[in-house]
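Below: the structure, in structure tokens.
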Amino acid sequence: MNHRSLVTQFRLAFAWIVIASILATAATYVLAAFLYVNAQYKSVYPANYYERQIPGIDADVRNRPLALLLPSGEEILRQAIQGDGIRYQVVNGEGRILYGTIREPLYQDRAELYRRLNTTVKSRDDYIHTVPLIGDNGQIAGAVALVYQLKPTFAEGGGWRVVAIAAVALLSPFFYMAGFTLLFSRIFVNRINRPLRLLMEASRKIKERDLDFTIPYHADNELGRLCLAFSEMKEELKMSLSAQWKMEQERLEMVEALAHDLKAPLSIIRGYSEALLDAHAGGDAKLLQYLAVIKGNAEKSTNLVQQLQYASDLERSDAQLRLVPVKLSEFLEHKFSQYEVQARRHHIEMTLHILSDNLPTLLIDPDKLERILDNIVSNSLQYTPAAGRIRISVCAEPERIVYAICDSGSGFSPKDMEKAFDKFYRGDEARGSQDGHAGLGLYIVKQLVEQLGGDIRLSRSESGGACVTFQHRRYEPPDS
């Protein structure tokens, strides 16, 4: 059945539901008929069932005539009658009712009572048998009227069994239809779910860059063809990604090799330029100017090479966090003191606002957090004019620490807001490079923040300057 099309499988499932329901209903009707006949035999009395009891009751009444005239006689009479099909009425010698299950008078007067003694008469659907009660003096002291009908009756509780059997038989088609629908639909769904689960697992492996797998499902239907197409796509993707990953690996290796090879000549250029500056300290001013430019650009190139190598290291593997207990308030105050010295040189006002009463001691990678703060604050110092302001805010939330560094500089342009975290993006006119850079600062920051389990976003401050907000997870120390 797995090789049939989904439409055919659905139709077959529907057909099996109908066939199974019909067969089960037919079997139920046969069983219900058997039980009904059995219940009729055991639970339904024949039409003359109560009539056959009359002679026995008549004899019991005649044996205790005077006792039946007393109020306690009703219990004696009730014990003599079996079942609910016989009603009774006891009257005195004048025809007045003493007790009984029939409240309406059965005899108009004494004369009618005497006429009907020892007789059975029919009144509508009822048969009335009158038994005289004769006293010790031979006089008629009263009579007992026994009333019954000639028709089949249910034994006590037997009617409910018959009704229950009939109700179950009538409702059984609906129960079977619902039950078999649930059964066959589950079978149908399970057959569909298996290849779908295999495809979901395959998608997860592709997401994890694991292309060494097969999809063990083969069928000549829609799902089989889908799995085959997915396998073919996987093979094409494997070839394409393998080539791409190889190129990416080669690019990383080339960048690392170039960065490594550039370090030596840049160090030589810096060293010789410094030596020449020292050797011609009082010499030609133009020569000293040229040497200073050479030295400055060599230092700048060295810094760019270091950033490029650091970015490549972040891409190469998932760097492991070096989590150590750090008292966050002391860490931030120490960093702020360093930033404040740089801010005063640029005539910039810098403030630190800790928005929580007590910043906790956390497990954190201090090198990564320091690198994040250094890159963001250095950008703010670069783009904030003299007499400007930089505000650093820190807030501890239940599951994260939130930082906001806002300045009164030129702010981010719309293009900056969209592309600032892209690798090698150099910035729009609003915060463009004045001294030239590799466009790796915010890219590195974003990578580091994500490694700390957080995220970062850009916005404009209330004064129109730039605002960088990032957060990272709170890694609590084991004894906290």
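Could you give the length gained on full extension between F34 and Y114, defined as 0.36 nm per residue of separation minus the Cα-Cα distance, in nm?
23.8 nm
Counting other beta carbons within 10 Å of each residue's own, what order do I140, I268, I348 fall into, fewest first?
I268, I140, I348
How big is the charge dipole of the stretch 51-151 about its Cα centre, in debye rounded to the nearest 20, if each Lys and Arg gets +1 on its Cβ and each Asp and Glu gets -1 on its Cβ?
180 debye
By how many nm would the segment from R345 to Q289 grow when fully extended, if each residue of separation counts as 0.36 nm and the alpha-carbon distance is taken off?
Numbers: separation 56, 0.36 × 56 = 20.16 nm, distance 2.31 nm.
Going from the current span to full extension adds 17.9 nm.
For the peptides 117-123, 230-236, what is the packing order when you average, over each peptide's residues, the other Cβ atoms within 10 Å and list the highest mean first?
Taking the mean over residues of other Cβ atoms within 10 Å, the ranking is 230-236, 117-123.
Put one equal scatterer on each alpha carbon of the stretch 109-153, apply the Debye formula with no solvent term, and list log10 I(q)/I(0) at q = 0.26, 0.30, 0.31 1/Å to two decimals.
Ignoring solvent entirely, the Cα scatterers give -0.93, -1.09, -1.13.
Can you tell me which lysines have their Cα less than 17 Å from the Cα of K327? Leave out same-chain residues fewer than eight positions away.
K335, K368
Which of R474, R103, R11 comes first, and how do the rest follow, when ranked by fewest Cβ neighbours within 10 Å? Kindly include the intermediate steps, with their values, before the conclusion.
Numbers: R474 18, R103 7, R11 12.
Fewest to most other Cβ atoms nearby, the residues stand as R103, R11, R474.
In straight Cα distance, which lysines are under 23 Å from K246, not counting same-chain residues fewer than 8 positions off?
K205, K207, K234, K238, K423
State, as an integer percentage, the relative contact order of the stretch 26-133 based on alpha-carbon contacts under 8 Å between residues 6 or more apart.
Over the stretch 26-133, the number comes to 19 percent.
When the Cα atoms of the stretch 51-151 are enclosed in a convex hull and the volume is divided per residue, what value in Å³ results? Numbers along the way, then the final one.
Numbers: hull volume 9.4 nm³, N = 101.
Here the figure is 93 Å³ per residue.
Taking K295 as the anchor, which lysines have their alpha carbon closer than 26 Å to its alpha carbon, excluding any fewer than eight residues away along the same chain?
K263, K286
Computed from the coordinates by the stated procedures, all read-outs in this text should not be read as laboratory data. The structure displayed is predicted, hence computed values, not measured ones. Note that we place each Cβ from the backbone using ideal geometry, even for glycine, and neighbour counts take in every protein chain shown.
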